[in-house]
Amino acid sequence: MRRSLIATALAFAAVFSTASAQTPKDVRAVAKGGTTAIPTVAQYLNSAAVDTRVEVIRQLIAIGGKDTIEPLIQGTKDVDAEVQIRATDGLVNFYMPGYVRQGLGSSIIKAGNTIRAKFSDTNDQTIDAFVIVRPEVIAALGTLVRDGATLDSKANACRAIGILKGQAAVPDLIEALRTKDNRVMYESLIALQKIRDPEAGPRIVYLVRDLDDKVQSAAIETSGLLRAKDALPGLRGILQSPRNKVAERSALAALALMPEPQDRNLLKSYLTSKDDKNRAAAAEGLGRAGEPADKPVIDQAWKEEQKMLPRLGAAFGLVMQGEIAVETEAPLRYLINTLNSAAFRDVASAYLVEAARRGDVRSALYQPLEQGTRDEKVRLCRVLAASGDAASIPVLEKASRDADNEVAQEGLRALRSLRAR
């Protein structure tokens, strides 16, 4: 066995020492050695040929394992944008297996001396709470946000930081907003949404009036999710004179996340809007405001509303106003039942995650978790993973022993996330 390992090492050294060992083909040949070949494969990152360095990153990702992290970090420091992008995707892939199939690197097309890549529209991935990312990975990505070879590699690093919830790189994301490149700014804002550092909120408020519609919408959403109350005057101004329907809708949704008493009448005026999303935001905003005098108007919307989205908003509003019964026709039961709907389960889940931060709502979910459908049990496990407390642990432990394997796996995953929090 020892002789075999020595022979393999000598073979790698011989390949590396020859002039012909500077091609992608040679990198692939060496990489066949698997994890034991990682140090040798990594040496090719010093090659003068870009194609060879790109192949190194590909092979490191294919081999996988913790020993690839250091060379992938080295790849983020390469002078070539493609190497940087693929190394970034590789680092994310280590913590979220399969990511490289949908990351920016998967869409790269070479055109002469330049590369073209298309960002996917899907940007909702994040790692589980129990996944611990090495600090040097976040540091490397933060450096790439500032010093990337191209705007694409900077934007891709922003996206990676968001997926990995790299709070230590928040200053780098804030700095990225100064690039004035719409893609970089947008990816930075979405990353800040995922990290949810409230201290970042005041530093993005100025962008709620950005001239680019997509950046403005993302900035408005981010200010709401981070509860940046400094943005409220600007949001009210947008609602008084919206540039377009998207801006109006985003501003109302953000304001509804952090309403003040003076906003109650504004929210009520939107309960009769022709826009379903605006009616939903108005109802949920009134629920968060918590003024008992508003409960009758939310209840009226709940009983009269015919469209699903605003009805869910009204149900959430009533739950936030104290309606926590789980009987058949109750608002909380309506939210739970909607977890069975492929079209609206994400909306209902988000409402339940927020509502379950209150102890009375959280306790009310324990019985449905034990007796619900598979979809209800799976989603309620996720709700408690995000908003549960110590009292939720026995409930999730029971779910982890459910006869349905999918529910049991989700229960175990929720336990890990809850304990990590």
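Structure values in brief
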quantity: Too-long pairs where the Cα-Cα distance tops 21 Å, listed order kept, from Lys274/Lys303; Lys229/Lys274; Lys214/Lys277; calculated: Lys229/Lys274
quantity: Cα-derived Rg to Rh of the stretch 201-310, Kirkwood definition; calculated: 0.97
quantity: Extension gain (nm, one decimal) between Lys274 and Gln262, 0.36 nm per residue minus Cα-Cα; calculated: 2.0 nm
quantity: Rounded FRET efficiency, nearest 0.05, which uses the C-beta distance separating Arg374 from Val79 and R0 of 45 Å; calculated: 0.30
quantity: ³J(HN,Hα), Karplus 6.51/-1.76/1.60, whole Hz, each residue of the stretch 390-395, x for Gly, Pro; calculated: 4, 5, 7, 4, x, 5
quantity: Residue among Leu144, Gly234, Ile127 farthest towards the positive dipole end of the chain, charges placed on Cβ; calculated: Leu144
quantity: Residues Asp80, Asp172, Asp389, sorted so that the one with the fewest Cβ neighbours within 10 Å comes first; calculated: Asp389, Asp80, Asp172
quantity: Extension gain (nm, one decimal) between Ser341 and Asp147, 0.36 nm per residue minus Cα-Cα; calculated: 65.4 nm
quantity: Candidates Thr143, Thr373, Thr114: whichever shows maximal mean-square fluctuation once the chain is modelled as a Gaussian network with Cα springs under 10 Å; calculated: Thr114
quantity: Note, ³J(HN,Hα) from phi for the stretch 182-189, Karplus 6.51, -1.76, 1.60, rounded to Hz, x at Gly and Pro; calculated: 4, 5, 4, 4, 4, 5, 5, 5
quantity: Karplus (6.51, -1.76, 1.60) ³J(HN,Hα), θ = phi - 60°, over the stretch 301-312, in Hz, Gly and Pro reported as x; calculated: 5, 4, 7, 9, 5, 9, 8, 5, 4, x, 5, 5
quantity: Amide H partners (placed H, <5 Å) of Ile115, local residues excluded; calculated: none
quantity: Length added when fully stretched, Ser106-Ala325, from 0.36 nm per residue minus Cα-Cα; calculated: 74.0 nm
quantity: CD proxy at 222 nm, helix term only [per DSSP H run n ≥ 4: -39500 (n - 2.57); per residue of the chain; nearest 500]; calculated: -18500 deg cm²/dmol
quantity: Among the listed pairs Lys66/Lys118; Lys165/Lys245; Lys154/Lys180; Lys165/Lys398; Lys154/Lys194, those beyond 22 Å (Cα-Cα); calculated: Lys66/Lys118; Lys165/Lys245; Lys165/Lys398
quantity: Projected label distance in nm at Gln367 and Asn123, using a 7 Å step from Cα toward the beta-carbon; calculated: 4.3
quantity: Span per principal axis, largest first, for the Cα atoms of the chain (Å); calculated: 81, 54, 31
quantity: Label point at Asn244 placed 7 Å out along Cα→Cβ; residues across the stretch 206-224 whose backbone nitrogen lies under 18 Å; calculated: 207-222
quantity: Net charge dipole size for the chain [Lys, Arg +1 and Asp, Glu -1 on Cβ; Debye, nearest 20]; calculated: 660
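Quick note: the coordinates plus some simple rules give every number you see, no bench work behind them. Note that the coordinates shown come from a computational prediction; the quantities given were computed from them, not determined experimentally. Counting neighbours? That spans all protein chains shown, and the Cβs are built from the backbone with ideal geometry, glycine included.
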